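Everything on this sheet refers to the single structure shown next.
The values are calculated or read from the model by the stated rules, or taken from the named source; none is laboratory data. On a predicted model such as this, the values are computed, not experimentally measured, just so you know. FYI the Cβ positions are ideal-geometry reconstructions off the backbone, even for glycines, and counts take in every protein chain you see. With ligands, DNA and RNA removed, areas are computed over all heavy atoms of the protein, side chains included. Shrake-Rupley method; radii C 1.70, N 1.55, O 1.52, S 1.80 Å.
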Amino acid sequence: MSFSWLFATIVGAVVIFLAIFAAARFSETLIFQQNTFTAKKIVNSLSSFETTFETGRFGIMETRVETIIINNCTTSKEYGPFGALQIKSSQKIKFGSKNWSERDSAMISSKDKFLFSTGEVWGKKFYVFSKPLFFPFKIADLVYLWSDQQQFCFFNTPADIERELKNQKVENINFKRGPSPSGVCLPQETTVCFSSGQNCNITVDLSAKKVLKNGRTIHFEYAFGDYDQKALLYAAIFSDPEVYECQIKRLILRASYLSEVYYLKSEFLSPRGCGSDIVRNDLREYNATASSLTSSAGLHSLFSKAESIDDKNERLACKLY
Amino acid sequence: MIKMKDSRVNFIEKKAQMRIQQMAFILVLLILFFAIVATVFGIIWINYLRDQARLAAEENAWKMTRTISGTPELVFTSRGLCSSCVDMEKVIVLKETDFFKKMHNLDYMRIERVYPRAPPGECRRANFPDCTNITLIDSQNYGATSTAFVTLVRFVPDKGGYFKYELGKIYISAKEPTK
């Protein structure tokens, strides 16, 4: 073989190798970009589930391929006044060296959304249910997320909860009754028991306002409003304890801020014959209590302050909210 | 004979070196060509990504115009008949803070009282309600604004005190993602 042919062969092989290497690296970048677009679209679509006068909203988000949604949460003020919801996503594209579930996207943050779900939710169809949280004024819309891979068996559900979920046409939840969940709930379903019993993945104690899941106890409180009292209960059921506690801290930060806003509003209206010192005192106490809370266990003390504000506000001629 | 052989060998060596030089030159041109193509492609791709990011921000701002009147910081009555009305007194109080700037990725946010007409001017605590505009986020350069009509509510102390409902418009502009 002459030298020129040998030289050309070697150089050609090097060029082809470099081209394949560049193509592979570029495809990884494309996959990262696609996953980031998906995560951004998911966060944007959560805006559609914000309530105005409704007591709740239910909808379905579908993706073309199997997708993992990774739900992070931070209370750090670096990301926003009330921390932030952080979402990553990954889609099942069979290309490249990494497992598809490890090829996630950039972190997409949202400062005003509160998403309750397990740390990782995967599937092609995602069920989204939202309810407003009043404590006693509106704090936020709570959004609950689960997928077609997560089926729930609500066992011995109180009638009002069953009625509400059925009225909202919430999917992938089966309601069963009996002496024990085993035998009526399927093995692949997440069993949610409203009475104490064995073989329950999640146990709800409505009187003590506690939910036991994954070996941890998380606390909830009944919210205000005729139809919206169970917003925090659903949050406790549909999310991991870590996600729940973090989002509760964010909600409390927002509640604290809102109490300041209502305090300032009351001060502004006072010279106009509206506004009350009594309510302002209660708002100050509410703010102080909220600022000192560190976990969901403190919700019960905040509830009593909220009740006091709500009671006085109802009796005002010009209501603050 | 030996001299002829030497000059023939020299000629072959020079020809070989010329061939190698030509090959190196071609290689350099080839690499330069691929580098230019990659640069042009990179510029087009980055512009495309910027456009996509801007479109996503604008879509978010557009969605926000429809739902912002229901956000807890602006909403009037949490429960009841006016759960998507904007509370003017809260807006006046929040105008003095930079809350909306920190909370939302917006370049511009203004609420305008449309009907009944009010005297023109920017609203402050001192001149409220004899004013028209409440600017919550202001900036020198902002992009296209999305708008939506909203119901505004404020307290009127006359005749024993009552809540007055007015028609308003909200203007929102999303922040450019590259800012």
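Taking the options B:Ala57, B:Ala61, name whichever one is more than 7 Å from chain A (Cβ to nearest Cβ), touching a Ser or Thr at 6+ places or on another chain (Cβ under 8 Å) and closer than 29 Å to A:Thr29 by Cα.
Numbers: B:Ala57 fails: touching a Ser or Thr at 6+ places or on another chain (Cβ under 8 Å).
One residue alone meets the criteria, B:Ala61.
Just name the residue that is surrounded by the fewest Cβ atoms within 10 Å (Cβ to Cβ) out of those in the range B:39-69 that are touching a helix residue (DSSP H, G or I) at 6+ places or on another chain (Cβ under 8 Å) and of a type in the set (A, V, I, L, M).
B:Leu49
Filtering the range B:145-162 down to residues that are free of Cβ contacts under 8 Å to residues at least 12 places away in the same chain, open to solvent by 50 Å² or more (accessible area, probe 1.4 Å) and not charged (D, E, K, R), which residue is nearest to B:Thr67 (Cα to Cα)?
B:Tyr162
Considering the range A:12-35 alone, what residues qualify as being open to solvent by less than 30 Å² (accessible area, probe 1.4 Å) and among the β-branched types (Val, Ile, Thr)?
Result: A:Ile31, single match.
I'd like the full set of residues that are at pLDDT below 95, of a type in the set (Ser, Thr, Tyr) and surrounded by 19 or more Cβ atoms within 10 Å (Cβ to Cβ), limited to the range A:95-117.
A:Ser105, A:Ser110
Are there any pairs with C-beta distances below 6 angstrom linking a residue in the range A:134-148 that is closer than 18 Å to A:Met61 by Cα and part of a loop (DSSP other than H, G, I, E, B) to a residue that is open to solvent by 10 Å² or more (accessible area, probe 1.4 Å) and of a type in the set (Lys, Arg), with the two at least 6 apart or on different chains, and if so which?
Partner pairs satisfying both residue conditions: A:Asp148/A:Lys125.
Considering only the range B:108-144, state which residues are open to solvent by 60 Å² or more (accessible area, probe 1.4 Å) and either in contact with a Phe, Trp or Tyr (Cβ under 9 Å, 6 or more places away or on another chain) or more than 17 Å from B:Glu166 (Cα to Cα) (or both). Don't jump to the end; show me each part of the working.
First pass over the range B:108-144, keeping only residues open to solvent by 60 Å² or more (accessible area, probe 1.4 Å): B:115, B:117, B:119-120, B:124-126, B:130, B:138, B:140-142, B:144.
Once the filter is applied, which keeps residues that are open to solvent by 60 Å² or more (accessible area, probe 1.4 Å) and either in contact with a Phe, Trp or Tyr (Cβ under 9 Å, 6 or more places away or on another chain) or more than 17 Å from B:Glu166 (Cα to Cα) (or both), the range B:108-144 yields B:Arg124, B:Arg125, B:Ala126, B:Asp138, B:Gln140, B:Asn141, B:Tyr142, B:Ala144.
Return only the number of the condition from (1) in contact (Cβ under 8 Å) with a residue 24 or more places away in the chain; (2) open to solvent by 50 Å² or more (accessible area, probe 1.4 Å); (3) among the charged types (D, E, K, R); (4) closer than 17 Å to A:Phe114 by Cα that A:Lys41 does not satisfy.
(1)
Can you report the number of residues in the range A:303-321 which are under 19 Å from B:Val153 (Cβ atoms) and open to solvent by less than 60 Å² (accessible area, probe 1.4 Å)?
Filtering the range A:303-321 down to residues under 19 Å from B:Val153 (Cβ atoms) leaves A:313-314, A:316-321.
Filter once more, so that each one left must be open to solvent by less than 60 Å² (accessible area, probe 1.4 Å): A:313, A:316, A:318, A:320-321.
Residues meeting the conditions: 5.
Residues being free of Cβ contacts under 8 Å to residues at least 40 places away in the same chain and outside any loop (DSSP other than H, G, I, E, B): count how many of those fall in the range A:161-195. Quick ask: steps written out before the conclusion?
Kept after step one, since they are free of Cβ contacts under 8 Å to residues at least 40 places away in the same chain, are these residues of the range A:161-195: A:162-163, A:165-167, A:173-189, A:191, A:193.
Narrowing the set further to residues that are outside any loop (DSSP other than H, G, I, E, B) leaves A:162-163, A:165-167, A:173-176, A:182, A:185, A:191, A:193.
Total meeting the criteria: 13.
Whether any residue in the range A:73-95 is of a type in the set (A, V, I, L, M), under 30 Å from B:Phe34 (Cβ atoms) and assigned to a loop (DSSP other than H, G, I, E, B) is what I want to check. Even if it seems obvious, please write down each step before you answer.
The initial filter retains those residues of the range A:73-95 that are of a type in the set (A, V, I, L, M), namely A:84-85, A:87, A:93.
Checking which are under 30 Å from B:Phe34 (Cβ atoms) leaves us with A:93.
Remaining after also requiring assigned to a loop (DSSP other than H, G, I, E, B): A:93.
Yes, the range A:73-95 contains a residue that is of a type in the set (A, V, I, L, M), under 30 Å from B:Phe34 (Cβ atoms) and assigned to a loop (DSSP other than H, G, I, E, B).
Out of (1) more than 8 Å from chain B (Cβ to nearest Cβ); (2) in contact with a Lys or Arg (Cβ under 7 Å, 6 or more places away or on another chain); (3) among the aliphatic types (A, V, I, L, M), the odd one out for A:Ile248 is which?
Among (1) more than 8 Å from chain B (Cβ to nearest Cβ); (2) in contact with a Lys or Arg (Cβ under 7 Å, 6 or more places away or on another chain); (3) among the aliphatic types (A, V, I, L, M), A:Ile248 violates only (2).
Counting only residues that are more than 7 Å from chain B (Cβ to nearest Cβ) and either under 19 Å from A:Leu133 (Cβ atoms) or not basic (Lys, Arg) (or both), how many does the range A:38-47 have? Quick ask: steps written out before the conclusion?
Within the range A:38-47, the subset more than 7 Å from chain B (Cβ to nearest Cβ) is A:38-39, A:41-43, A:45-46.
From the residues that got through so far, the ones that are either under 19 Å from A:Leu133 (Cβ atoms) or not basic (Lys, Arg) (or both) too are A:38-39, A:42-43, A:45-46.
Final tally of qualifying residues: 6.
Among the candidates B:Arg113, B:Arg66, single out the residue that is outside any loop (DSSP other than H, G, I, E, B), touching a residue at least 24 places away in the same chain (Cβ under 8 Å) and touching a Pro at 6+ places or on another chain (Cβ under 9 Å). Quick ask: steps written out before the conclusion?
Values: B:Arg66 fails: touching a Pro at 6+ places or on another chain (Cβ under 9 Å).
On inspection, the qualifying residue turns out to be B:Arg113.
If you check A:Val211 against the conditions, is it crowded, with 19+ Cβ neighbours inside 10 Å, away from every other protein chain (no Cβ under 14 Å), touching a Gly at 6+ places or on another chain (Cβ under 7 Å) and β-branched (Val, Ile, Thr)?
no
B:Pro72 versus (1) facing chain A (nearest Cβ under 9 Å); (2) in contact with a strand residue (DSSP E or B) (Cβ under 6 Å, 6 or more places away or on another chain); (3) in contact (Cβ under 8 Å) with a residue 40 or more places away in the chain: which is the lone unmet condition?
(3)
Report the residue count in the range A:124-139 for those that are touching a Phe, Trp or Tyr at 6+ places or on another chain (Cβ under 6 Å) and of a type outside the set (A, V, I, L, M, F, W, C).
Filtering the range A:124-139 down to residues touching a Phe, Trp or Tyr at 6+ places or on another chain (Cβ under 6 Å) leaves A:127-130, A:134, A:136-137.
From what is left, the residues that are of a type outside the set (A, V, I, L, M, F, W, C) are A:127, A:130, A:136.
Total satisfying the criteria: 3.
Return the residue satisfying two criteria in turn: it lies in the range B:130-179 and is farther than 14 Å from B:Arg113 by Cα and touching an Asp or Glu at 6+ places or on another chain (Cβ under 6 Å), and of such residues it is nearest to the other protein chains (Cβ to nearest Cβ).
B:Ala174
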